[in-house]
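To start, the structure itself, in C-alpha cells.
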Amino acid sequence: MNPVNYLYLAALLFTIGAAGVLIRRNAIVVFMCIELMLNACNLAFVVFSRMHGNLDGQIIAFFTMVVAAAEVVVGLAIIVSIFRTRHTASVDDASLMKL
Amino acid sequence: MENLIALLVAAPLAGAALLLCGGRRLDRAGHWIGTLLALGSFALAVPLFTELLGRDAEHRTLHQHLFSWIPVGGFQADVAFQLDQLSMTFVLLITGVGSLIHIYSIGYMEHDERRRRFFGYLNLFLAAMLLLVLADNYLLLYVGWEGVGLASYLLIGFWQHKPSAATAAKKAFLVNRVGDVGLSIAIMLMFTTFGTFAFGPVLGAAGETSEGKLTAIGVMLLLAACGKSAQVPLQSWLGDAMEGPTPVSALIHAATMVTAGVYLITRSGAIFNGAPDAQTAVVVVGAVTLLFGAIVGCAKDDIKKALAGSTMSQIGYMILAAGLGPIGYAFAIMHLVTHGFFKAGLFLGAGSVMHGMNDEVDMRRYGGLRKYMPVTFITFGLGYLAIIGFPGLSGFFSKDKIIEAAFAKGGTEGWILGGAALLGAAITAFYMTRVMLMTFFGEERWRKAPTPSPAEPSVEPAAETRGEYTPPHPHESPRSMTIPMILLAVGSVFAGGLFSINEAFVTWLEPVTSVDHGHPPLSASAITTATIVVMVLGVGLACLQYGRKPVPAVAPRGSLLTRAARRDLLQDDFNHVVLVRGGGELTRALVQLDHSVVDGAVNGTAASMGGLSGRLRQAQNGFARSYAVQMLGGAAVLIAVTLLMRGV
C-alpha cells in the first residue's frame, strides 16, 4: 500500500485533534484531542521513517511517547486539581491568567 | 635678566593674594602693601628697560619659560613670557601709571572701610594686565585677558551696595564675554590652522597661510578687541563703568583694560597684514567709534561720562591706526602711551574735583572751581591741552601722526578715514573745552540749591534742597592725590615730544611692528595745519557756546541729536530692542519649539507605544483556547512562509 495514504490519515487525525482543541470546552476532551495530535505526528514520523528507510523518525516517535506520557501525568493532575477547586472541567472557566 | 620677567607679574599678584586673603589684620597696612608691590613691579621694569636699550635693536627680545602648563601631544600650552619692545612699552605704562593711581587711591579711598580689598583688586588688575602683555602665546594672553575682565568686574562693582554699580559691573562683564568668545574662537582657529598658538610660530607662519583663514582669525580678534576696548558695537559697558570709584576709571581708561584691544591687534599685526578685509573692518570700527564716542562726549553732563566718551573716541583713534597696518601700528601705540598719561591725569583730576565737591558729578553743578583747586585746575588743564592736541603737547604729536597715517592709507579710503579723524579732532576739542569751561570757569553754580531737572521728573529733590541748602566747600585734594596728578601732567606735556625726537618711539618699536610711512596725498605740514585749524575751530565753538553765555544749571531739552547723545546714541535702547527683546522672543520661540516638536516627538512615541500595547494586551485574555488558535495560526504562518521560501 502507498505510504502516502498514511500521511493523509495523519493529517486528518491532526486536523480532528486541532479542531477538537479549539472547539471543545471540556478539559478532558481537549486533552484527548491533544493526544490525538501528538499521535498523528507520531504516525507521520513513522511513515517518513519507512519512506526514507532509516530509523530516525521511529526514534523521535518514541521520544514523543515518553514526553506525552509525562505530559499526561502533569496535565491530568492539573485538570483534577481544577475540578476539585472549581467543580467544573471547562477550560474557559480557568481564565484568570491574564492581565 | 630674563628671570625677572615673571617677577613683574608675580609682585602685584602676590599683593592681590595677600590683601584678599590676609583678612582684617592687614586693614591698616593694606594700601601701603598694594602700592609698594605696584611700585616694585615698576622698579623691576626700569632695569629691564635699560637692559633692552643696551642691546642691539635685533636682540631686544627676552624669553622666560616658566613651566609647561598643559602638555598633551601636539597641544603644548606653556606658561612662558616674552618681553620685547611692544610688551616693554606696555609694562612701563601699566606699572608706571598704575602705581601713580595706587598712590592717588590712598588719599581718594581714605574713608572707605573696604580700602584693603580695593587695593587687592587694583593689584589683581595690574597682575592680569601684565600677564596679558607679557605672555608669549595666545592662550596665556587669554588668561590675562579674562583676569582683566574679572578685575574690572570686581572694581566697577566695588560699591556693590549701589544697585547701579552692581548692574554696571554685570553689564561690563557680560559685554566683555561677547568679545572673549571672539578671542577663544580666534585661538581655536589658530590651533587648527597653525597647530600652535605661540606668538613666534603663529605670526611667523601667517605669511604663508590662505587669506580666508587669516581674515576669519582677524575678524574674531577684532571682536575680542571691540569687547575689551569698548569699540562699536560692544561699547555700551564703558559709560556705565563710571559707577566704579574714580581711580578705577582712570586705571581702566588709561593704563589697562581698554588698551588691551589695541595691544591684541598690534601684536597680531602679521595676521592683519595678510588679511586686508579684516583690516578694513578694523579701520571702520575705529573710525565709527571715534566719532561715536566724541558725539556722546559732547552731550554728557556727568564729568566722568564725558571723559568716558572721550576715551572711547581716543581708543577709536588707536584702533583706526592699528587697522592701517604698518603705517599706523607704531602711532597707535604712541597715542596709547600719551593717552595713558593725559587720560589718567584727566580722570584723577575729575576724581579730585568730585572729592572736593561732595561726590557731585554733574558739571552743571560745578563752575568757577579754578580758584579753589589750583593744582587740579593746572594739571587737568595740561591734560586738556594734551588731549585736544595743542601744539607741543603729547596728544598733538601722536594724534597728528594718526591723522597723517589715515590720509596715507591712500585713495578714497584714505580721504574718508583722514576726514573722519580730522572731524573727530574737532569734536574732541569741542567737548573737552566744554568740560573745562563748565568745571573750572563761569559762575559758581554750586552755590545755588539744585533745581529738579525737568528731563528726569522722577528724581525727588533731596531733603536738604527743600529746606536749607548747604553748598559744598570746594577744596584742594591731599598731597597723595595731587602728586600723581602733577606727575601725569608732566607726562602729558613732554611724553609726545620726547617720543618724537628723531622718531625715537617709532624706531624703538620698528622691529616688532615694522614701519611704513606710506604716501600721504597731502604734505605733512598741510595735515598738521589742518589738525590745528580744526582744533581751534572746536575750541572756539565751545567757547562761544559755554564761555560767553552762562551755562544753564538745568540741562536744556536740546536737539534730537543732543537728546540721543545723552542716551549714548541710543546704544542701550538698540541693545534692548535687538538683543534683549529679540533674544527673549528667540528663547520663547525655542521653548515653544521644544515643547511642541521635541517633547511632542518623545511624548508621541511614548503614547503610541502605550496605545499599541493596550491593543496587544487584548490578546492576553486568559482563555487557553484563544492562545491555542494563536499558536496554530503562528505555526501555519511559519510553515507557509517556509514553503514559500523553498518555492522561491
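The values are calculated or read from the model by the stated rules, or taken from the named source; none is laboratory data. Everything numeric in this text was worked out from a predicted model, so none of it was measured. FYI the Cβ positions are ideal-geometry reconstructions off the backbone, even for glycines, and counts take in every protein chain you see.
Kindly state which helices (runs of 4 or more DSSP H) lie completely within the stretch B:320-420 and contain at least 2 residues that are free of Cβ contacts under 8 Å to residues at least 60 places away in the same chain.
B:374-387
The requirement of being out of contact with any Ser or Thr (no Cβ under 9 Å at 6 or more places or on another chain) and either closer than 24 Å to B:Gln571 by Cβ or not in a helix (DSSP H, G or I) (or both) is not satisfied by B:Ala172. Do the conditions hold for A:Ile28, that is, is it more than 18 Å from A:Ile59 (Cα to Cα), within 11 Å of chain B (Cβ to nearest Cβ) and of a type outside the set (Asp, Glu)? Here the answer is no, as A:Ile28 does not meet what is asked.
Would you call A:Met51 more than 12 Å from chain B (Cβ to nearest Cβ) and closer than 24 Å to B:Gly622 by Cα? No; evaluated as a whole, the condition is false for this residue. Does the stretch A:48-56 include one or more residues that are in contact (Cβ under 8 Å) with a residue 24 or more places away in the chain, small (Gly, Ala, Ser) and part of a helix (DSSP H, G or I)? No, the stretch A:48-56 contains no residue that is in contact (Cβ under 8 Å) with a residue 24 or more places away in the chain, small (Gly, Ala, Ser) and part of a helix (DSSP H, G or I). Of everything listed in (1) without any contact (Cβ under 8 Å) to a residue 12 or more places away in the chain; (2) buried (at least 20 other Cβ atoms within 10 Å of the Cβ), the single unmet condition for B:Leu126 is (1).
Residue-by-condition table, conditions (1) surrounded by 14 or more Cβ atoms within 10 Å (Cβ to Cβ); (2) within 14 Å of another protein chain (Cβ to nearest Cβ); (3) touching a Pro at 6+ places or on another chain (Cβ under 8 Å); (4) not in a helix (DSSP H, G or I):
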position: A:Leu13; (1), (2), (3), (4): yes, no, no, no
position: A:Ala18; (1), (2), (3), (4): yes, yes, no, no
position: A:Asn39; (1), (2), (3), (4): yes, no, no, no
position: A:Ile59; (1), (2), (3), (4): no, no, no, no
position: A:Met65; (1), (2), (3), (4): no, no, no, no
position: A:Val72; (1), (2), (3), (4): yes, no, no, no
position: A:Ser81; (1), (2), (3), (4): no, no, no, no
position: A:Met97; (1), (2), (3), (4): no, yes, no, yes
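Taken residue by residue, the stretch B:204-211 has no member that is over 25 Å from B:Lys305 (Cβ atoms), of a type in the set (S, T, N, Q) and assigned to a helix (DSSP H, G or I).
Whenever a residue of the stretch B:467-496 is within 17 Å of B:Ser99 (Cβ to Cβ), its partners that are of a type in the set (Phe, Trp, Tyr) and modelled with pLDDT under 90, lying with C-beta atoms within less than 7 angstrom and at least six residues away or across chains, give the pairs B:Met481/B:Tyr108. Among the residues making up the stretch A:83-95, those that are within 12 Å of chain B (Cβ to nearest Cβ) and touching a residue at least 12 places away in the same chain (Cβ under 8 Å) are A:Ser90, A:Val91, A:Asp92, A:Ala94.
Can you confirm whether A:Ala44 is part of a helix (DSSP H, G or I), within 14 Å of another protein chain (Cβ to nearest Cβ) and over 22 Å from A:Ser81 (Cβ atoms)? Judged against the criteria, A:Ala44 is a match. Check whether at least one residue in the stretch B:347-365 is under 17 Å from the mean Cα position of the chain (by Cα) and within 20 Å of B:Pro484 (Cα to Cα), and report yes or no. Scanning the stretch B:347-365 turns up at least one residue that is under 17 Å from the mean Cα position of the chain (by Cα) and within 20 Å of B:Pro484 (Cα to Cα).
Considering the stretch B:512-544, and only residues there that are hydrophobic (A, V, I, L, M, F, W, C) and closer than 30 Å to B:Arg267 by Cα, the residue that is modelled with the highest pLDDT turns out to be B:Ile527.
When the residues of the stretch B:494-517 are filtered to those that are in a helix (DSSP H, G or I) and among the small types (Gly, Ala, Ser), which remaining residue is farthest from B:Leu203 (Cα to Cα)? In this case the residue turns out to be B:Gly497. Being of a type outside the set (Val, Ile, Thr) and either modelled with pLDDT of 90 or more or in contact with a Ser or Thr (Cβ under 9 Å, 6 or more places away or on another chain) (or both) holds for only one residue in B:Leu53, B:Leu83, B:Leu66, and it is B:Leu83. Taking the condition crowded, with 24+ Cβ neighbours inside 10 Å, over 16 Å from B:Ser310 (Cα atoms) and among the acidic types (Asp, Glu), does B:Asp400 pass? It is true that B:Asp400 is crowded, with 24+ Cβ neighbours inside 10 Å, over 16 Å from B:Ser310 (Cα atoms) and among the acidic types (Asp, Glu).
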